[in-house]
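Some notes on the structure that comes next.
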Amino acid sequence: MHAIIRRYDGVDQNRSAELTRKVSETLVPKLEKLSGFDGYFLVDAGNGVFTSLSLFETPEQGMESTKFVTTWLREEKLDTILPNEPKITSGKIVAHGDRVLVAA
């Protein structure tokens, strides 16, 4: 399994609800249709920082998802909400637990 972590700094805090809604309503359903998709999480870390975690079967699928997300951000005109390029970390998952606890 391959993970892609994107950290967005400088997010417009007055529009974080709009960002969250768009991600839930339009991005996640599209990601779920991508080959190798295995999960997506969006974390509001506060102070204008959001982090996303995407899981795919292969590194190639992960790289394709990064291109996909970049296109989606441009099409949704989210550059004023997310003014800075994300810091991207990706790699092979080398350890994990079988139980994931999700809080809303």
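The values are calculated or read from the model by the stated rules, or taken from the named source; none is laboratory data. Here the structure is a predicted model, which is why all the values come from computation and not from measurement. Methodologically, a virtual Cβ is constructed for each residue, glycine included, from the backbone with ideal geometry; neighbour enumeration extends over all protein chains shown. Note: accessible area is taken over every heavy atom of the protein model, side chains too, but ligands, DNA and RNA are not part of it. Shrake-Rupley method; radii C 1.70, N 1.55, O 1.52, S 1.80 Å.
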Could you do me a favour and compute the accessible area per residue for the chain, 1.4 Å probe, result in Å²? 66 Å²
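Using a 1.4 Å probe and counting only protein heavy atoms, arrange K87, K22 so the residue with the most accessible area comes first.
Numbers: K87 125, K22 40 Å².
Sorted by accessible area, descending: K87, K22.
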Show me, for segment 2-13, the HN-Hα J-couplings you get by feeding each phi into the Karplus relation (A = 6.51, B = -1.76, C = 1.60, θ = phi - 60°), rounded to Hz, glycine and proline as x. 10, 10, 10, 10, 10, 10, 10, 9, x, 5, 5, 5
Rounded to the nearest 500, what is the 222 nm mean residue ellipticity of the chain from helices alone, with -39500 (n - 2.57) per DSSP H run of 4+ residues and division by all residues? -7500 deg cm²/dmol
Determine how large the accessible area of S90 is when every protein chain is in place; take a 1.4 Å probe and give Å² rounded to the nearest 10. 80 Å²
Taking 0.36 nm per residue of separation and subtracting the Cα-Cα distance, what length does fully extending T80 through D44 add? 11.2 nm
Please find the FRET efficiency linking T26 to A95, where r is the Cβ-Cβ separation and R0 is fixed at 25 Å, and quote it to the nearest 0.05. 0.15
Accessible-area composition of the chain, carbon plus sulfur, in percent [1.4 Å probe]: 53 percent
Calculated SAXS-style log₁₀ I(q)/I(0) at q = 0.16, 0.18 Å⁻¹ - the chain, Debye, Cα scatterers: -0.70, -0.89
Taking the full set of protein chains and a 1.4 angstrom probe, give the accessible area of T51 in square angstrom, rounded to the nearest 10. 40 Å²
Expressed in nm to one decimal, what extension gain is obtained for the pair S35 and D12 from 0.36 nm per residue of sequence separation less their Cα-Cα distance? 5.1 nm
